[in-house]
Amino acid sequence: MCLAVPMKLIEIRGDGTGVAEMDGAQSEVNLTLLEKPAKGDYVIIHAGFAIERLDEKEANARIALFQEIADNETP
Amino acid sequence: MKYIDGFRNPLAAKKIIERIEVLANLLKASGRKVSIMEVCGTHTMAIARFGIRNILPENIDLISGPGCPVCVTEAGYIDAAINLAKAGAVIVTFGDMINVPGSDESLAQCRANGALIEVVYSPSAAIKLARQFPEKNVVFLAVGFETTTAPMPAVIQIAEGEGIRNLSLLTAFKLVPPALKALMTDPELKIDSFLCPAHVSAIIGADAYKPFTGKEGVPCVVAGFEPLDILMAIDGILNQLVRNEASVENQYNRVVKPEGNLKAQALMDEYLQPVDARWRGLGLLPLSGLGLKNEFERFDAEKKHGITVKKGKEPSGCLCGEVIKGKSKPTSCPLFARGCTPDHAVGPCMVSSEGSCAAYYKYSL
Amino acid sequence: MKAELTIQLAHGGGGRLSRDLIQSEIVSRFGNGPLEGLPDAATIPWHCDKLLFTTDSYVVQPIEFPGGNIGDLAVHGTVNDLCVCGGRPKWLSVGLILEEGLPLATLRKVLDSMKKAAADCGITVVTGDTKVVGAGQSDGLYINTSGIAEAIKGFSLSPARITKGDDVIVSGNLADHGFAVLAARKNINISSALKSDTAPVHRLVQALEPFAGEIKFMRDPTRGGLSAVLNEIVENRNINIQLNETDIPFSTCVKALSETLGIDPLHVASEGRIVLICSSQVTDQILHTWKSMPEGFGAQSIGVVDSGKGRVTIKTITGGIRIVDVPRGELLPRIC
Ligand code: SF4
């Protein structure tokens, strides 16, 4: 129902907007829905709005978990 | 961070599927068939796109739910937008709505006849268009679930701040929890578990599903849209069912917090209020939508232009309503793949990119 | 400050202004060879046994996009159509439709790109035409090009020759052009590091001469992308094409844009790539040849032909299989 992608905030402007980036794709985003957005934050973008932060630690933990599952010989 | 690839590790997928098979066999041994409703259309699409339905054990059934905003929006809404366009308004819409059939025609057909209909990626573009056409009424087609609703207060704030007077919203916002409640209490449906939407949950929080769990409830697992996320969620659901549990499990905690996005919720409370809403398939559900509060009615397209959205004429023979409720599979519709294909869609479930009928048509073999 | 020079209706009126424009902008760039003296028709030498002839019109918006503009696109597009049919491009016609008010600087830039592209492809502009339409009657600038090529000996390309066991190869990353243009449009608020892949494929095709007989089909996957090309091949035939998702080359930026905008990259155009189907004996040689060339270093074998019911399928990374559907209509950004 709601296509949204993670991107990294690379610029924050005074007017509640900023620029987010992922793999060379940049998008002008509205940051009104976030509490204290900071440059370098990973955020979830839906229809040009950052709707939530992406917790980098949790994301990496998840990727590590998948790697662990993949490496584990016996299921 | 190689974000996408990390979530699409083929070997991990294989291993999780093996785990799912083990759990499915346990359930099968006790004679259980399991129906999991994927509430959200993006899950439906991801499941289809990655071919997940046909790699699941046969006693695990995924049924698609009401989570496609295009599909649950009734024909009358499109009619209202078309009437406004014909009266000279600039209609601003997400690409999703453009081919949905109204009672007589779609917005795309209306545009071909000269109406001004602008497709945008972000609602903030509606502000730009309102500035660009100061002498025209600009109407934004404000559809969607909580995720898409959340940005709207910000848009109104900007319009207020800049004194923009020619912008209004034709609202048909829908809320997910009331729909789940209707589905759970429907005696004809037997749902063993909800696979809960990713980004709606980012706004409303994982705790919003608590009322559907517990003794009388079912497992509710929040999942992201990556194939491994979905497989892990199915694994989690089966685990709960094997253990006879029914709790909320958040498999998307890299984004979704238990309480959700409080700032977004506060903004929505400030500008919007719950209203009764009509859903295709589910009918009129009390307080299942959001509308503008009275003090912002100058932004309400219906009030501003003195119109009301009527029910409209649904395409005859189309089972979309049943499909949305999960009562019918698209393939049991007599029109499926015969009279109704994405090229010549009869109902919205075939038009919408994440409609169940489109997903079945495009992705099943 | 001097006012910006723009195209006026009189530039198309056939009078002095027309002549000046043709002389200073067209003849100065393309005016030797058959175009010299501006005859009403070009006289061209011919001494081969088969010619290829094609035409295409270019209406891309915006006129300039990252990595190119409508000018080089109009040369490459027609050149590539000739090449993938087994031709060596020789002669080109150019028809320009200019909108009143078009900045002369834009026209010059486009013509410069055309000149450069034509020289690179070894194709000569031999005839042309320029018309001007009133403001609001077009989108700045449209171009039609027609091209003639000599047939390269040894190719006998025909989809009918495709059979079970053949391999499907692409010459590099797909969908860069379509996404670069989409990202450059207004109302989307997205920009990207992505550049259009607009480029000629004549060198890639000419390098295939040693294996020409084993190559059954070539096409440049423009509008509709890879999906449109492959679906057209299998339609009404007893063959299937099976792709492997992990083998299809996309840049990370294309993947990112495709996720952001909800657009399937298999439906999106490339303008400098080849999709090729060959007997599997020559697959490795073709990949080896292409990978040693700058325009082919990203070449990949992406799938195989099997017997079947006329479907294109793809094996996803989870091991599931789905149909690759035919793209429908315009590509629109979606929210769901
Ligand atoms: S197949 Fe077409 S007609 Fe049947 S339910 Fe789906 S959209 Fe409606």
Over all distinct Cα pairs, what is the inverse of the mean 1/r for chain B, reported as the Kirkwood hydrodynamic radius in Å?
21.3
Taking placed amide H atoms and a strict 5 Å upper bound, the residues 5 or more places from B:ARG280 or on another chain that come that close are B:THR73, B:GLU74
Among B:ASN113, B:VAL200, B:TYR271, whose Cα projects farthest towards the positive end of the dipole of chain B, with charges put on the beta-carbon of Lys, Arg (+1) and Asp, Glu (-1)?
B:ASN113
Among C:TRP46, C:TRP91, what is the fewest-to-most ranking by other Cβ atoms within 10 Å?
C:TRP46, C:TRP91
For the range B:156-302, what is the largest minus smallest coordinate of the Cα atoms on each principal axis, given in angstrom and ordered from greatest to least?
57, 35, 24
Evaluate the charge dipole of the range C:9-151 about its Cα centre and quote only its size in Debye, nearest 20, assuming +1 on the Cβ of each Lys and Arg and -1 on the Cβ of each Asp and Glu.
240
Counting other Cβ atoms within 10 Å, which trypsin sites (Lys or Arg not before Pro) in the range C:128-217 have at most 14 and lie in a DSSP loop?
C:LYS153, C:LYS164, C:ARG185, C:LYS186
For the range C:9-151, just the Cα set please: Rg and Dmax, both in angstrom.
14.9, 46
Give me B:MET268, C:MET293 ranked fewest to most by other Cβ atoms within 10 Å of their Cβ, as a rough exposure proxy.
C:MET293, B:MET268
Taking θ = phi - 60°, what integer Hz values does the Karplus form 6.51 cos²θ - 1.76 cosθ + 1.60 yield along the range C:51-64, in sequence order, with x for Gly and Pro?
10, 10, 9, 8, 9, 7, 10, 10, 10, 4, 10, x, 4, 10
A student asked for the Cα radius of gyration and Dmax of the protein assembly as shown in angstrom ought to give 27.9, 92
Once amide hydrogens are built 1.01 Å from N within the peptide plane, the residues lying 5 or more places from B:ILE63 or on another chain with amide H under 5 Å from its amide H are B:ILE36, B:MET37, B:GLU38
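I need to check one value: relative contact order of chain C, counting alpha carbon pairs closer than 8 Å and at least 6 residues apart, in percent.
21
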Say the dipole of the range C:159-323 comes from +1 at the beta carbon of Lys and Arg and -1 at that of Asp and Glu; which of C:PRO294, C:ILE239, C:HIS202 then lies farthest toward its positive end?
C:ILE239
Under the Karplus curve 6.51 cos²θ - 1.76 cosθ + 1.60, θ = phi - 60°, whole-Hz ³J(HN,Hα) for the range A:64-72, x wherever Gly or Pro sits:
4, 4, 4, 4, 5, 4, 5, 6, 6
Dimensionless Rg over Rh [the range B:168-209; C-alpha; Kirkwood]
1.06
nm² value of the averaged projected area, convex hull over the Cα atoms of the range A:5-71:
4.9
Lysines within cross-link reach of B:LYS33: Cα-Cα under 25 Å, excluding same-chain residues under 8 positions apart?
B:LYS14, B:LYS15, B:LYS181, B:LYS190, B:LYS210, B:LYS215, B:LYS325, B:LYS327, B:LYS329
Between the DSSP loop rule and a limit of at most 13 other Cβ atoms within 10 Å, which trypsin sites (Lys or Arg not before Pro) in the range B:167-207 are left?
B:LYS190
Using the C-alpha atoms of the range C:172-244, what convex hull volume per residue, in cubic angstrom, is computed?
134
Exposure proxy ranking, count of Cβ atoms within 10 Å, fewest first, for C:ASP176, C:ASP166
C:ASP166, C:ASP176
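With charges set only on the Cβ (+1 for Lys and Arg, -1 for Asp and Glu), what does the dipole of chain A come to about its Cα centre, in debye to the nearest 20?
260
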Amide H neighbours of A:MET22 under 5 Å, counting only residues 5+ apart in sequence or on other chains, H built in-plane at 1.01 Å?
A:LYS8
What whole number of Å gives the distance from the Cα centroid of the range B:39-71 to the Cα centroid of the range A:27-69?
25
Any idea what Rg and Dmax come out to for the range B:1-146 if you just take the C-alpha atoms, in Å?
21.7, 69
Would you work out which of C:SER113, C:GLY13, C:THR43 lies farthest towards the positive end of the dipole of the range C:9-151, given +1 charges on the beta-carbon of Lys and Arg and -1 on that of Asp and Glu, about the Cα centre?
C:THR43
Measuring from its Cα centre, the protein assembly as shown shows a charge dipole (+1 at each Lys and Arg Cβ, -1 at each Asp and Glu Cβ) which, in debye to the nearest 20, is 720
Everything considered on the Cα gyration tensor (a ≥ b ≥ c; rounded for a/c under 1.5, else prolate if a/b is larger than b/c, else oblate), the range C:159-323 must be described as oblate
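Would you work out the relative contact order for the range B:76-183, in percent, from Cα pairs under 8 angstrom that are 6 or more residues apart?
27
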Apply the Kirkwood formula to chain C: the hydrodynamic radius equals the inverse of the mean of 1/r over all pairs of different alpha-carbon atoms; give it in Å with one decimal.
21.2
Take the alpha carbon atoms of the range C:55-81, find their center, do the same for the range B:146-207, and report the distance between the two centers in whole angstrom.
43
Sequence-separation-based contact order of the range C:151-252, relative, with Cα cut under 8 Å and 6+ spacing, percent
42
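When averaged across all projection directions, what area in nm² does the alpha-carbon convex hull of the range B:120-230 cover?
9.1
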Residue-by-residue Karplus 3J(HN,Hα) for the range B:321-335, coefficients 6.51, -1.76, 1.60, Hz, glycine and proline x
x, 5, 5, 5, 7, x, 7, 10, 7, x, 5, 8, 6, x, 8
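Values in this text are rule-based calculations from the coordinates and carry no lab data. Keep in mind that this is a model prediction, so the values were computed, not measured. FYI the Cβ positions are ideal-geometry reconstructions off the backbone, even for glycines, and counts take in every protein chain you see.
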